[in-house]
Every structure is written in structure tokens, then in C-alpha cells.
Amino acid sequence: AILLASLMTFGNLGEKFELTAMKAAGISLVKVMRPLIILMILISAGAFFFQNNVLPVAQTKMWTLLFSMRQTSPEMEIPEKAFYTDIDGYVIYVDEKDKETGLMRDVMIHQITDGYDQAKIIVADSGRLSFTPDRLNIKLHLWDGELYGNMFAQSTGMTSRSAVPNEREKFTQKEFLIPFDANFNRMDESTMRNQYIGKNISELSATVDSLNQIIDSIGAIYGDQLMRSEHFGMPYTTTKIVDGKRVVEGYVPVKLDKPLNIDSLFTLNPVVSQVRIDEQAITKARRVRQEYEFRSYAMDDDLKSIRRHGIEMHKKFTLSFAVIIFFFIGAPLGAIIKKGGLGMPLIISVILFIIYYIIDNTGYKLARDGRWDVPEGMWLSSFVLLPLGAFLTYKAVHDSSVLNVDAYKAFFNRLIGRRPKRSLEVKQFVMQEAYPHEAIAQLENLRDALVQANSAVNKFVVKLASRRLSVGNPVQTQLNNLVDYQSNSLNPKIIQLLNQFPFVVKYADIQPMIENIDMLLQLWEKEVNNNDNGTENQA
């Protein structure tokens, strides 16, 4: 909104020449923007306080209402090809679902209401969920399926679990009643209030600090456990007896007189023992790996929570700062393009906002996934667009041409080393045509200057071929005068050769220029001969 409003406002001022009148009266663009800059600061401050004080309460109520509404119609939320666990005691898997009729195909249900020991598995070709009239139960209607379970509750006298009989039931139609209160019951807001979306800056900062302390303490515990662990049955600790009890005194590294050959110890055992040792080692390695994988998952959850809290905290600043950035992009850009109305400003606003959204979303995802630090990811869009705003403001204040294509083309040509070329053409009408004798004299003088410059290059090797001639060298002045004078020629071959002269003479251009001068001399000498022959014929 700020971008579009600033573009339209200053575009209208520029289109109606009101900005030109203000500048003619001695009012600079910065002075024109000053009241709006103060307004943008106030809007940015208001946006910050809204993000910090109002938005957490609004998001808490919104998400609480959303989850409360989801609880009222679970059949609408059961996804395809995924396990649905929001109904207590049941895990439902649906391979395909008709969104119009609500019919579910290839249904698999795990019923664990009586515990995992008495779990039942129901497989059906199709099924449908509906509510009872009092909306206190879900009626599950299944077709063409089977029910599998065990009879552990009726077999408590069995001596082993493997001896428990199983039950199997095949049915054409079957209905289940699942207790589920589908009436609208609003959830407690405290659940969402404790999430990152329902906290202000102080609460987010406190949560991040507490989570960091938890991670540090867990890391210290893991490190202490690693230090206390024994390898090859040799402890890393020294102990002493205090009051009849063995107390750990400290950690000391194990020192061996010579390297321990593990392979020799292994081969001393019989083959049967070697196999058992291998199995024990593999089992222990798997157990240790699973233990540390579980610890890493728990640590990842805490780190993810820290990142989400940090993202929410930085978002309160970045969104407010974006207001100021977009004003300093829109206002000078509107003053430069001088197009008001809704057409051009709307197109530019949409393009710039799409660029901002892509950059901001990219930084957000990089920060959320932990690939970048949270400040770097959340402030990426501001770091990219802030130089653009400063550049446009500088250009607008100094009345510089930003949309001049020729200026950018010349800049990139200089950047890649491409030199500009002359584009002379034969004139249709000239006030004073070039005289051959004068042109020949100019060419001979320029040739002598080039030869002298070339001998200086041979004498002083320090001159580089890519460098320009010295400032006091007469070659550049003679070349400009020559081109200005001889461009009045009506001979297209002469004009073509003049276009081959560079704008700025370098040492590498000397030899090609001498060759070009020789060809021009031949053309002008032909002009002299033709004129002499014409005079004799007239006589």
C-alpha cells in the first residue's frame, strides 16, 4: 500500500509538472518528502506496536477458533495416503477419498482403545464417516472388509504371549460407533498462547534464552556421560575411598606403554567366541547409534523451536522497516518516471512487491531450516532493497537519468571493454565540401604524429599497448579535426574509412591508423587527379 500510494502521489506531481515548479522555486525533493518521511516513521512505529501487542492476541484467537472448528468435522480433515490420529484411540489410513460424496476407499483402521495388547486392525474396501443426530458419536460404516485382533483379554491364563489365540472376522457391512463430541467446544486459548505466534518480543526473548539454557545443560550432560563412558573396560576416572565409599576423584586419560593391538586380542579367541564378539559389537554400535540419533532428534526440536521464536521476533522489526524502504523506493521512482494514475504505478508496484516477496520468503525458509542464521535470513529482503531505495533517492534528488538505456549500454560496454564506434554517413547536403589538398595535408600531418608516437613506444618499452596516448600528444586533436573536416566528403568510401578511426587513441591503434591513413591518401589523390582531368577537359 505504501509503495503504490507513494508511486501514484509523486507520479502525479511529476506528470503535472508540480515537482518542476517546486524545484524552480528552490524547494528540493527532500524538502517535499520531509512531511511524508515523518508520516512513514509514525506508520512504521504503529505497525511495530501492532505486530508486538495486537497481532499475538489476534493470532491466538484465530488459531484457537480454527482448531476448534477442525474438531467438529474430522471426516473433512482425513487426508489421503497418510495416517490420521486426531480421533482418540484410532489411527485411520485412507488411500483415496471422494471429496464430493465423502466415500473413502481402501480403508485401514488401527483400534487401540483397549491398549496395544488388544489392538485390532480393520481393513475394508470402502467406508464412510458420519455423525449421530446428537453429534456425540461418529458412525463408521464399512463395506467388504476384515477385522483382525487377538483375544488376550480372554486368555489371561496363557503362560506365554505367543500362545494367545487370534480372532478374524470377515464382513460385508459393518458399523462402528466411536465416541466423539462433534459439538462446537472452544479450545482453551492457553495452548496457542504458549506458542510463538502468541508472544510479544519480551516473551519471545525469554523463551529463546530459556531454550538456549536447556540446550546448553543437555549438552553438558551428554559431554559428562561421554567422559564417564568406559572403552575396552578401562575407566577414564580415578577413585578413592571416603568413609568406606568409592568416590570418583577426577578424569585422567588412559596411558599405555605401547599401542594396543586389538586384532591380536580378537584372534586369540576361538571362532565361536569371535562370532559372539562380532554380534555383541554390532548390537552395541546399533544401540549407541540409536541413542544418539534420538538425542539429536530431541535437540533438533529445541533448535527448531528457537529458530521459530527468533523468526517471529525479527519479523516484528522487518515488516515495520519495510514500510520505510518501500516509501524511499516508491516516492523517488514516481518522481523519475512522472507517470500518475493507476496503470503504470500499479504494474511497477506489483513487480517490486513480487521481487520483495520472493527474496523475503527465500530468506525465511533458509532461516527456518537452519541453513542460515535467523537474522541473516529475516533481514535478507531489507539488505537487498535498501540499496535500491538509496540509489533511487540519490538519482531523484540530483535529477539524474535512471531509465536512460543509452547510458546503461555505454556503461556495460566500458565494463566489458567494448569500444564505441563512429557512425558517420554521407551527408545529403553540405555547406562547404572538403578540399582534397587540405585533406591530404591533414592526413600527412597525422601520419607524421603517429609515426613519432610509434617511435616513442619503441624507444620506451614501459608504454603499454592498451594505454591511451599522453594528454599533451597532438594525435587526438589532429584526429578530431580531421574527422570533422573530411566528414563533409561526398565519397562513401572515404566516410567508411573515417568510421574506422577510434574515438580515443591508444598505442595499439597506431599501426592500424597508419594503414587507414594510407588508404585515405590514395582516395584523396584520386580525387585530385579527377579534378585535374576535369579542368583540362573544360579547357
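When only residues in the stretch 310-368 that are among the polar types (S, T, N, Q) and free of Cβ contacts under 8 Å to residues at least 60 places away in the same chain count, which is farthest from LEU4 (Cα to Cα)?
THR362
Inspect the stretch 81-97 for any residue being assigned to a strand (DSSP E or B) and touching a residue at least 40 places away in the same chain (Cβ under 8 Å) and give the result as yes or no.
Taking every residue of the stretch 81-97 in turn, at least one turns out to be assigned to a strand (DSSP E or B) and touching a residue at least 40 places away in the same chain (Cβ under 8 Å).
Is one or more of the residues making up the stretch 371-389 crowded, with 19+ Cβ neighbours inside 10 Å, part of a helix (DSSP H, G or I), among the small types (Gly, Ala, Ser) and over 13 Å from the mean Cα position of the chain (by Cα)?
yes
I'm trying to understand the selection: among the residues of the stretch 83-97, which are among the acidic types (Asp, Glu) and touching a strand residue (DSSP E or B) at 6+ places or on another chain (Cβ under 6 Å)?
ASP95, GLU96
If I filter the stretch 166-183 for residues that are of a type outside the set (Ser, Thr, Tyr), at pLDDT 80 or above and either closer than 28 Å to THR64 by Cβ or part of a loop (DSSP other than H, G, I, E, B) (or both), do I get at least one hit?
Checked against the condition, which is being of a type outside the set (Ser, Thr, Tyr), at pLDDT 80 or above and either closer than 28 Å to THR64 by Cβ or part of a loop (DSSP other than H, G, I, E, B) (or both), the stretch 166-183 yields at least one hit.
Search the stretch 408-452 for residues being of a type in the set (Ser, Thr, Tyr) and surrounded by 12 or more Cβ atoms within 10 Å (Cβ to Cβ), and hand back the single one that is modelled with the highest pLDDT.
Of everything passing the filter in the stretch 408-452, TYR435 is modelled with the highest pLDDT.
Each row is one residue, and each column tells you yes or no for (1) in contact with a Lys or Arg (Cβ under 7 Å, 6 or more places away or on another chain); (2) hydroxyl-bearing (Ser, Thr, Tyr); (3) at pLDDT 80 or above.
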{"residue": "ASN200", "(1), (2), (3)": "no, no, yes"}
{"residue": "LEU204", "(1), (2), (3)": "no, no, yes"}
{"residue": "ASP209", "(1), (2), (3)": "no, no, yes"}
{"residue": "ILE215", "(1), (2), (3)": "no, no, yes"}
{"residue": "ILE218", "(1), (2), (3)": "no, no, yes"}
{"residue": "THR238", "(1), (2), (3)": "no, yes, no"}
{"residue": "GLY250", "(1), (2), (3)": "no, no, no"}
{"residue": "ASP257", "(1), (2), (3)": "no, no, no"}
{"residue": "ILE277", "(1), (2), (3)": "no, no, yes"}
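Could you pull out every one of the helices (runs of 4 or more DSSP H) wholly within the stretch 1-58 that has 2 or more residues that are open to solvent by 60 Å² or more (accessible area, probe 1.4 Å) and basic (Lys, Arg)?
So the answer is 29-49.
Kindly provide the set of residues from the stretch 17-72 that are of a type in the set (Phe, Trp, Tyr) and modelled with pLDDT of 90 or more, ordered by number.
Within the stretch 17-72, PHE48, PHE49, PHE50 qualify.
I'm checking my understanding of the structure. Among residues of the stretch 254-269 that are part of a loop (DSSP other than H, G, I, E, B) and open to solvent by 80 Å² or more (accessible area, probe 1.4 Å), which one is nearest to THR238 (Cα to Cα)?
Step by step, filter the stretch 254-269, then rank; the result is LYS255.
The values are calculated or read from the model by the stated rules, or taken from the named source; none is laboratory data. Note that the structure is a prediction, hence the values are computed from the model and not measured. All Cβ positions, even for glycine, are placed from backbone atoms using ideal geometry, and neighbour counts span all protein chains on display. When the accessible area is computed, the model is the full protein with side chains, heavy atoms only, and any ligands, DNA or RNA have been set aside. Shrake-Rupley method; radii C 1.70, N 1.55, O 1.52, S 1.80 Å.
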